[in-house]
Structure formats: C-alpha cells, structure tokens
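Some notes on the structure that comes next.
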C-alpha cells in the first residue's frame with residue numbers, strides 16, 4: 001500500500017494531465033480500430049458497427065475477385081516504389097552537397113528557397129503544375145513553344161505519364177524539407193575527422209564519401225525503415241487531386257478507391273471499403289515490422 | 001578593413017586544391033540548377049498573378065509581370081465563396097492549432113518524467129496509433145456517430161493530438177530542460193501541475209514555436225478531412241474551393257450576364273487562378289521567416305530519438 005501510494009498517488013497530478021489525451025486517443029484512434037470489424041460484417045445502417053451480421057471473409061474474397069483489383073494494387077505499388085526510389089536518395093545527396101558547399105550566404109539562400117514548396121498545399125501544387133504545364137498559357141508550355149515551335153502536348157491527358165508527374169511533383173515539394181534531418185545529422189560530425197583527413201591529403205569529395213556519408217548512415221537507416229512502413233500510404237490528396245477521366249487507369253490507387261466505394265458510388269458500401277482499407281493497413285504494418293527486423297540484423301539500427 | 005577581408009578571401013582561395021575546385025564547381029552548378037527548378041515556378045506564379053489577362057493568355061509572361069495589373073486580385077476578393085472559405089480556413093487553423101498545442105504539451109510533460117510509472121506502456125499506447133489505423137470508413141462512422149459531422153469540431157477535434165509533434169515536444173523537454181530544476185522546485189514544495197505552468201511552459205517557447213508552425217501549416221493545407229466530413233458549402237475551407245477553381249476549372253459565370261464581360265472573364269480566368277494561388281499561400285509563407293530559426297532546431301531535437 002505504501003509503495004502504491006509512493007508510485008501512483010503522489011503523482012496523481014501527472015496522471016490527471018494524461019486523462020484527456022488518453023481519452024482522446026481511445027476515442028479517435030482506438031475506437032476506429034474496433035470499428036474496422038465491419039470489414040467482417042455486412043454493415044447495416046440501423047444495426048451499426050456492433051450488431052450488423054457477420055459475413056466472415058466475404059468482403060475480402062470480393063476484393064480479391066474484383067477485376068479492377070490487380071490494376072489498383074499495381075498502380076499503388078508502382079507509385080509507392082517509384083516514390084521511394086526517386087524520393088529517398090535525393091534528399092541525402094542534397095544534404096551532402098549542401099554540407100560540402102563552402103559559400104555560406106548562397107547556401108542559406110538556397111536552403112530557404114528549397115523548403116518553401118513544403119509549405120504550399122497539395123491542392124495548390126497540383127493546380128500550379130496544371131497551370132504551368134498548360135500548353136497555351138503556362139510558363140513551361142510557353143518555354144516549350146519557344147524552343148520547339150509547336151504546342152506542348154497536354155501531359156495531364158496521358159495515363160502513362162501520370163506516375164512520372166506524380167512522383168516528380170512530390171519530389172519537388174518534399175526534397176528540400178526532407179533534407180533538413182540529414183543536414184542536422186551532418187552538423188554533428190566531428191570537425192577533427194575532417195582536419196585529420198585533410199592533413200592526409202583527402203580531397204573534399206573523398207571526405208564526403210568516407211566521413212560525411214558514413215556518419216549519417218544510422219539516420220539514413222532509421223529514415224528508410226520509417227519510409228518502408230509508410231510505403232503503401234500513397235498520398236490520397238495528391239492522387240485524388242490529379243485524377244481525371246483520362247488518366248484514371250493509372251491514377252486509381254487503394255486509398256482513392258476506398259473513398260469512392262465508401263463515399264461516392266451510390267449508397268456507400270462501408271463494409272467493403274473498410275475491408276480494402278484494412279488490407280492496406282495490414283500490408284503496411286507487416287512491411288514495417290519486417291524491414292525493422294531486417295535492418296536490425298543488417299545494420300544494428302532498429303526502431304524497436 | 002576591406003584590405004584585411006580581401007587578404008582573407010585570397011588565403012581561402014589558395015587552400016582549395018584543383019580536385020576540390022572541380023568538386024565545388026560541379027556542386028555549384030547542380031545547386032544553381034536546383035535553385036532554378038525550385039524558384040522558377042514560384043516566381044512565375046507571382047508574376048503572372050500581377051499581369052493582365054491578355055498578357056497571360058498570349059503567353060507573354062516569362063519571368064517578370066507584363067502589363068502590371070491587380071485585376072486578378074480584385075476578382076479573387078470579390079468572390080463571395082473565396083472570402084467565406086478564407087475565413088473558415090483561418091478559424092480552423094487558429095482553433096485547431098490551439099487544441100494541438102494544449103494537447104501536445106499536457107501529453108509530453110508527464111511522458112517526459114522518468115519517475116512516471118507505466119511510462120513505457122503509455123508511450124507505446126500513443127505511438128502505436130502512428131503505425132496502425134482503423135482506416136478511413138470506421139473513422140468517418142465514428143465522427144458521424146458523435147454527431148459532429150458538418151461542423152468545425154469534425155475538422156479540429158479528431159486530429160487534436162498529433163503524436164509526431166508530441167514526440168518532438170517530449171524529446172525537447174527531456175534534453176533541454178535540466179532535471180535539477182524539477183528537483184529544486186520539488187524541494188520548495190512545488191506541485192507537479194504548478195511546475196508545468198510556472199517553470200516548464202515558459203522554458204518551452206522554442207518547442208511551442210515549432211509545434212505551432214507544424215500544426216498551423218498542417219491545418220492551413222489540410223484537404224481530406226473537409227472532403228470527407230463537410231457538406232455545407234458555407235463551412236468549406238480554402239483548399240476545397242481551390243480544388244474547384246484551380247483543378248476542376250469551375251469559375252462561376254452565372255453572376256456575369258453581359259457577353260463582353262464573359263469574354264473578359266474567360267481571359268481573366270488564368271490570372272484569377274494565379275492570384276488565387278498567391279492569396280492562398282501567402283499567409284503561410286509569411287509566418288515562415290519568423291519560425292524559421294526554430295524549426296531546424298525542432299527537427300533536430302525530434303531526430304535525436306525517434
């Protein structure tokens with residue numbers, strides 16, 4: 001009793017602080033996880049989450065038999081892996097280059113400009129891209145006309161170009177911001193290492209490869225694990241905002257399809273939409289756990 | 001003074017070997033290229049927004065405004081839906097950010113205390129929600145069943161506690177505020193709550209600035225919750241209206257009846273879009289220089305311990 005008093009009762013104010021956050025998370029994060037059980041029920045508006053009839057794996061079977069399923073899954077995977085391959089190494093390279101760049105004033109200006117796109121909303125960036133690449137009135141469209149003498153084709157009308165626009169637009173928006181964490185990590189590299197290497201005659205490029213890069217490697221691994229856990233979360237906003245009837249064959253991804261099944265097509269099929277979403281969450285979580293264990297084995301750095 | 005400086009520069013220049021010069025040259029060129037890629041679209045948008053409709057549709061704008069005019073802006077501010085959307089976005093951003101700061105700080109403080117029993121379990125309880133979620137539809141059903149659909153609370157309450165920002169705040173408290181402060185306050189008979197309000201909050205200004213910036217940018221730019229949870233046109237935030245005007249090309253012509261005005265309006269459409277982009281983005285870019293000195297620090301603190 002005395003111990004209980006010492007450990008818990010004397011700290012009652014701290015637990016009181018946590019009361020609201022815990023209730024908040026229980027309601028807004030954990031309750032929807034319980035709500036995900038409707039993936040195994042046939043959701044009935046009147047019966048609600050808890051009393052709708054069970055249907056077992058029927059919603060999942062329906063998903064796997066859906067003709068469009070392989071297309072949506074491959075669209076999602078393509079965008080996910082393309083984003084990772086293009087978007088992951090570039091911020092590291094940018095951070096290494098910036099860190100090695102000797103002119104401070106220029107470096108500062110460049111950094112400030114490179115963060116800016118992060119603060120612009122996806123709706124604006126998509127609108128901006130459409131406007132700039134517009135064959136008639138856009139800046140890039142004009143440039144194309146000046147150089148080649150003919151009108152630029154409308155890139156938003158092509159399904160095959162969609163993944164490229166999606167990924168490079170995203171890279172433009174996130175590159176500068178994602179490099180911050182590596183720049184921060186680079187600032188803690190011991191300058192004596194550089195001095196010693198310089199005395200031994202190592203060039204700046206050599207020092208980037210053999211001092212800077214190895215010292216941020218743990219950060220790189222952590223970021224890679226985190227990125228792998230997010231891989232299936234292809235940005236709903238970006239995909240949804242860039243969709244049009246002409247590119248839908250490539251731009252329909254799992255999250256946008258869930259939205260349409262649940263909220264748009266006639267009366268929302270909540271159970272089926274939840275099943276698709278749950279399928280996505282489970283893949284994500286499994287990937288994260290797998291990559292985490294793998295990176296723990298290979299590099300000794302892991303999240304938990 | 002100038003002489004000393006020039007000697008300094010010379011001394012520096014001599015230090016670079018020829019292979020280093022090539023490396024810096026290539027780096028410089030790459031960074032300049034990237035600079036153009038980052039800056040050109042932004043400059044073009046601002047320039048086009050200050051140009052006349054005729055100049056933009058003729059493709060005359062390359063870098064600087066042509067036929068300087070503020071017509072695009074006057075159209076943007078005359079649009080009734082844009083103004084109400086602007087006001088809604090400001091409301092959601094201010095209320096949402098205040099809720100975020102309050103919840104983040106009252107969560108981060110107890111979790112930063114090493115003497116809190118069950119701390120690891122509680123931390124896992126919060127962090128798990130970052131890794132796994134019930135999905136879009138159960139989340140929607142919950143908000144519907146709470147009866148807050150189609151109100152401001154649907155936008156600001158569900159995301160009230162961003163776990164990522166909570167981790168940043170907790171790491172900051174653990175690493176930047178000395179333990180001795182708590183100990184001496186406790187010896188003086190200061191309660192845990194009093195310590196939070198009188199000692200911890202005033203010392204956490206830097207991390208509160210970071211949280212404010214991150215949260216405000218998130219609320220200002222958020223699109224998906226409004227798409228899912230609002231149906232009332234009068235409640236729509238700016239991002240939804242932006243989508244309609246910028247992406248779906250819906251410019252309301254019903255109010256313009258004069259045919260000449262319609263033609264002028266069509267010519268103006270692109271300028272209006274550019275002006276709208278500037279108007280929608282300017283406020284968030286304006287808070288950025290003030291918060292800039294804090295956020296690199298914030299990301300750094302957050303990265304120390306994921």
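Summary table below
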| quantity | calculated |
| --- | --- |
| Helices (runs of 4 or more DSSP H) completely within the stretch B:47-134 that count 1 or more residues being under 27 Å from the mean Cα position of the chain (by Cα) | B:71-78, B:80-112, B:119-131 |
| Odd one out for residue B:128 among (1) surrounded by fewer than 20 Cβ atoms within 10 Å (Cβ to Cβ); (2) in contact with a helix residue (DSSP H, G or I) (Cβ under 8 Å, 6 or more places away or on another chain); (3) facing chain A (nearest Cβ under 9 Å); (4) without any contact (Cβ under 8 Å) to a residue 12 or more places away in the chain | (2) |
| Only listed residue being farther than 30 Å from residue B:288 by Cβ, facing chain B (nearest Cβ under 10 Å), assigned to a helix (DSSP H, G or I) and under 16 Å from the mean Cα position of the chain (by Cα), chosen from A:205, A:285, A:272 | A:285 |
| Which numbered condition residue B:102 misses (of (1) crowded, with 16+ Cβ neighbours inside 10 Å; (2) under 30 Å from residue A:22 (Cα atoms); (3) within 14 Å of chain A (Cβ to nearest Cβ)) | (1) |
| Residue identified as buried (at least 17 other Cβ atoms within 10 Å of the Cβ), at the interface with chain A (Cβ under 9 Å from one of its Cβ atoms) and touching a residue at least 40 places away in the same chain (Cβ under 8 Å) among B:61, B:56, B:76 | B:56 |
| Residue in the stretch A:101-118 that is away from chain B (no Cβ under 13 Å) and surrounded by 15 or more Cβ atoms within 10 Å (Cβ to Cβ) present | no |
| Filter result for the condition that a residue is exposed (fewer than 14 other Cβ atoms within 10 Å of the Cβ) and touching a residue at least 24 places away in the same chain (Cβ under 8 Å), over A:64, A:81, A:88 | A:81 |
| Single residue of B:287, B:241, B:277 found to be buried (at least 20 other Cβ atoms within 10 Å of the Cβ), modelled with pLDDT of 75 or more and more than 7 Å from chain A (Cβ to nearest Cβ) | B:241 |
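Conditions (1) in a helix (DSSP H, G or I); (2) out of contact with any strand residue (DSSP E or B) (no Cβ under 9 Å at 6 or more places or on another chain); (3) farther than 30 Å from residue B:140 by Cβ, marked per residue:
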site: A:185; (1), (2), (3): yes, yes, yes
site: A:195; (1), (2), (3): yes, yes, yes
site: A:198; (1), (2), (3): yes, yes, yes
site: A:211; (1), (2), (3): yes, yes, yes
site: A:218; (1), (2), (3): yes, yes, yes
site: A:223; (1), (2), (3): yes, yes, yes
site: A:227; (1), (2), (3): yes, yes, no
site: A:231; (1), (2), (3): no, yes, no
site: A:256; (1), (2), (3): yes, yes, no
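Okay, residues lined up against (1) buried (at least 16 other Cβ atoms within 10 Å of the Cβ); (2) closer than 29 Å to residue A:13 by Cα; (3) at pLDDT below 90:
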{"residue": "B:205", "(1), (2), (3)": "no, yes, yes"}
{"residue": "B:215", "(1), (2), (3)": "yes, yes, no"}
{"residue": "B:226", "(1), (2), (3)": "yes, no, no"}
{"residue": "B:235", "(1), (2), (3)": "yes, no, no"}
{"residue": "B:250", "(1), (2), (3)": "no, no, yes"}
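The values are calculated or read from the model by the stated rules, or taken from the named source; none is laboratory data. Keep in mind that this is a model prediction, so the values were computed, not measured. Every residue, glycine as well, gets a Cβ built from its backbone with ideal geometry; the counts of neighbours run over all protein chains shown.
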